[in-house]
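A short write-up of the structure that comes next.
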Amino acid sequence: MTAGGHVVRYLSVADYVVFSVLLAVSAAIGLYYACTGGRQRTQREFLMADRSMSVLPVTMSLLASFSSAITVLGTTAEIYTNGTMYWNNLVSSVLSMIVCSRLFLPIFFDLGMTSTYEYLEKRFSKSVRRLCSFAFMINMVIYMGLGLYAPALALSVVTGMSLWGSILSMGIVCTFYTTIGGMKAVMWTDTFQVVVMVTGFLAVIIQGSIEAGGLGRVWEIASQGHRLEIFNFDPDPRVRHTNWNIWVGGVFVSASIYGVNQAQVQRYLSCPSLEKARTALYLNIVGIAVITSCACLSGLVIYARYHGCDPLLAGAITSRDQILPYFVMDILSFLPGMPGLFVACVASGALSTLSSGLNSLSAVTLEDFVKPWLPKLSDIKYTTISKALVLLHGVLMVLVASFASLLGPLAQAAISVFGMISGPILGIFILGMMFPCANSTGGLVGLLSSLVLTLWIGIGSIVWPRRRWMPPVSTDQCPVNLTATNATAADLYRVTVDTTANVTQTTLLNSTLSSFGGNLTSANSGLNYPPEAALYQLSYAWLAAVAVLSCVIIGLAVSFLTDPQDPREVNPRLIVPIYDQLFCCLPEKVRKVLRCGVRYGDQDMDDTKARTSAELEDESITTKEQSNRKSDGKAQQEEATSL
């Protein structure tokens, strides 16, 4: 099949065999952990892996949980389309992981909770806990369904692989091994799937570099095409990517994932000690660097091949997210099994995220909704319910994926909405952990206000899209002229003249516009923008920061207006000793003032006294029982002597 001068090839038998092996190995790992050890009979084993996992699988699972198929396909498309500024996310990821390991991780590990949101009830109220839990569950189910549908659609369009076959095979296998194998199966399949992902990326980079004439040539073509941009310190918050919004705003985005997200915290708590959990998180930095760099290099290699004949403009593909599978079928189909390896790479990204999501959804649903409703069931029954919840959420995930094709542009809107939720949730945790004067009313109002604000800005940017400059793409070197069908795709672009290079360039409109069905007319004079439309031009990279700041500021304001919490009455285990960590060299008197009245030492003493009282009570009962036994024995002995 030919489209736009490019030959479209389909998967061979060998490719399907490679893909099937991935699914079979994943299912086998689930079966193994269902039949060994404790056989997933307790909540502790099924949801928390007995809190006995070693550093390696935890590290790989942390890496895999959010290195999804959307990352595999989307990051390469981002680099191909917009250039290398996205690579700066590595800096914000490293900073956020270091911060999370020192601030959030010790509190969650000390409290030992299965559900992250249980903290919010201890610190604020049940209402705050239930609201966050419900928002997490709804968005996670939608995100997983779309995360299953998006790669299946991209693969089906480019490789000819059955759309519903991909959805059902990945959905069923993922639900199967997560249901029977629990957290241990999820972590070890994540480890296997990360290896497959990296292998697939390396195949793309190596063969693509050979085709382009080496990495040096790839870099040269990317430079000529304005794809190499590492530093941009433009202070304008409307610019999509700058060092400011990626380094600063990105820290909030990454912290919402590695600091308070249920899927990640659950993996930290599967470690036997805090130090091992920290080690796993620090090693994850290396993994993130490898995965992100592989995806970015893949994007540059793809641009080196198609810089003169863009597949989207040529009509060979219908979405930027399809460019990586299209590239693989273009340069690797001559090697039997290699396209299958790439399909396995994309499927691994999907499976790792989906299994992590299913396990975390089961934990949150059980702890935050089932247990309060059914508080007196046995551990075995709770474990059975956990497995049933995984199965239920797996079915919902497949159903959402099945209906995603009917949503059209709303599918991408739902993914955007999921990102809008993480910022407010991070904000309520920061408000609770770092501001001991915040009360439950302030927490609830701050959370709701932050949710409304971010949803307003995020959805507003979709309804009122704006143009933005993007690096050029071209069809000058296509072997055939664009057809009428191709011209339809070209209508989404604006042709400008680059006076510097003296060549005709084709500059993309806002990707959001093309994604949500906009056109050249509606993006300009056809719309009457409301006064607040300037707010919608804010770069998406700042959205999480806006969410956190609004939640904290509004939460504190409401707290002070409604009788603030007395810091002396707050359990210090719920508060981050941030000033002791940042200013450990200051005198104790100064640090005591900075603690705002939180009684860290006093609470420890109270806890010790409470434990001691309980122990004394148990000892008292035991002593009385022993005394009674002795008196009964003495009486019996005296009676026997008298006889």
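Points worth noting:
- Considering region 436-448, and only residues there that are more than 17 Å from residue 133 (Cα to Cα) and open to solvent by 20 Å² or more (accessible area, probe 1.4 Å), the residue that is modelled with the lowest pLDDT turns out to be 437.
- Residues that are open to solvent by 40 Å² or more (accessible area, probe 1.4 Å), not in a helix (DSSP H, G or I) and not small (Gly, Ala, Ser), drawn from region 211-235: 226, 228, 229, 230, 231, 233, 234, 235
- Residues of region 179-190 classified as within 12 Å of residue 31 (Cβ to Cβ), of a type outside the set (Gly, Ala, Ser) and open to solvent by less than 10 Å² (accessible area, probe 1.4 Å), total: 1
- Region 453-465, residues that are in contact with a Ser or Thr (Cβ under 9 Å, 6 or more places away or on another chain) and either of a type in the set (Phe, Trp, Tyr) or part of a helix (DSSP H, G or I) (or both): 453, 454, 458, 459, 461, 462
- Pick from region 191-200, criterion over 12 Å from residue 332 (Cβ atoms) and out of contact with any Ser or Thr (no Cβ under 6 Å at 6 or more places or on another chain), ranking: surrounded by the fewest Cβ atoms within 10 Å (Cβ to Cβ): 195
- Taking region 150-177 as the range and being open to solvent by 20 Å² or more (accessible area, probe 1.4 Å), modelled with pLDDT under 85 and closer than 18 Å to residue 398 by Cα as the test, the residues that pass are 150, 153, 156, 162, 163, 164, 165.
- Residue match in region 559-568 (condition: over 17 Å from residue 123 (Cα atoms), in a helix (DSSP H, G or I) and either open to solvent by 80 Å² or more (accessible area, probe 1.4 Å) or in contact (Cβ under 8 Å) with a residue 24 or more places away in the chain (or both)): yes
- When we screen 375, 336 for residues that are open to solvent by 10 Å² or more (accessible area, probe 1.4 Å) and within 28 Å of residue 266 (Cβ to Cβ), the only hit is 375.
- Unique residue being among the hydroxyl-bearing types (Ser, Thr, Tyr), surrounded by 22 or more Cβ atoms within 10 Å (Cβ to Cβ) and modelled with pLDDT under 90 when the list is 422, 416: 422
- Restricting attention to region 144-177, the residues being touching a residue at least 12 places away in the same chain (Cβ under 8 Å) and among the polar types (S, T, N, Q) number 4.
- Residue selected from region 466-476 under the condition crowded, with 17+ Cβ neighbours inside 10 Å and part of a loop (DSSP other than H, G, I, E, B), by the criterion farthest from the chain's Cα centre (by Cα): 475
- Leading residue by the ranking (modelled with the lowest pLDDT) among those in region 515-540 that are in a helix (DSSP H, G or I) and touching a Pro at 6+ places or on another chain (Cβ under 9 Å): 515
- Scanning region 32-88 for residues that are among the aromatic types (Phe, Trp, Tyr), open to solvent by 10 Å² or more (accessible area, probe 1.4 Å), more than 13 Å from residue 181 (Cβ to Cβ) and at pLDDT 85 or above turns up 86, 87.
- Filtered by the rule that a residue be open to solvent by 30 Å² or more (accessible area, probe 1.4 Å) and of a type in the set (Gly, Ala, Ser), region 126-136 gives a lone residue, 127.
- Hits in region 305-317 (condition: open to solvent by less than 10 Å² (accessible area, probe 1.4 Å) and of a type in the set (Gly, Ala, Ser)): 308, 314
- Applying the criterion of being touching a residue at least 24 places away in the same chain (Cβ under 8 Å) and open to solvent by less than 60 Å² (accessible area, probe 1.4 Å) to the residues of region 569-594, the residue that is farthest from residue 104 (Cα to Cα) is 570.
Here is a yes/no grid of residues against (1) touching a Phe, Trp or Tyr at 6+ places or on another chain (Cβ under 7 Å); (2) of a type in the set (Asp, Glu):
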| position | (1), (2) |
| --- | --- |
| 189 | yes, no |
| 194 | no, no |
| 198 | no, no |
| 201 | no, no |
| 211 | no, yes |
| 214 | no, no |
| 224 | no, no |
| 233 | yes, no |
| 237 | yes, no |
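- The one condition in (1) open to solvent by less than 10 Å² (accessible area, probe 1.4 Å); (2) within 26 Å of residue 30 (Cβ to Cβ) that residue 120 fails to fulfil: (2)
- Helices (runs of 4 or more DSSP H) within region 64-154 that include 1 or more residues more than 16 Å from the chain's Cα centre (by Cα), closer than 30 Å to residue 232 by Cα and of a type outside the set (Gly, Ala, Ser): 69-82, 89-102
The values are calculated or read from the model by the stated rules, or taken from the named source; none is laboratory data. Since the model is a prediction, treat every value here as computed from it, not as a measurement. Heads up, the Cβs are rebuilt from the backbone with ideal geometry, glycines too, and the neighbour counts pull from every protein chain shown. Accessible surface areas use protein heavy atoms only, side chains included; no ligands, DNA or RNA. Shrake-Rupley method; radii C 1.70, N 1.55, O 1.52, S 1.80 Å.
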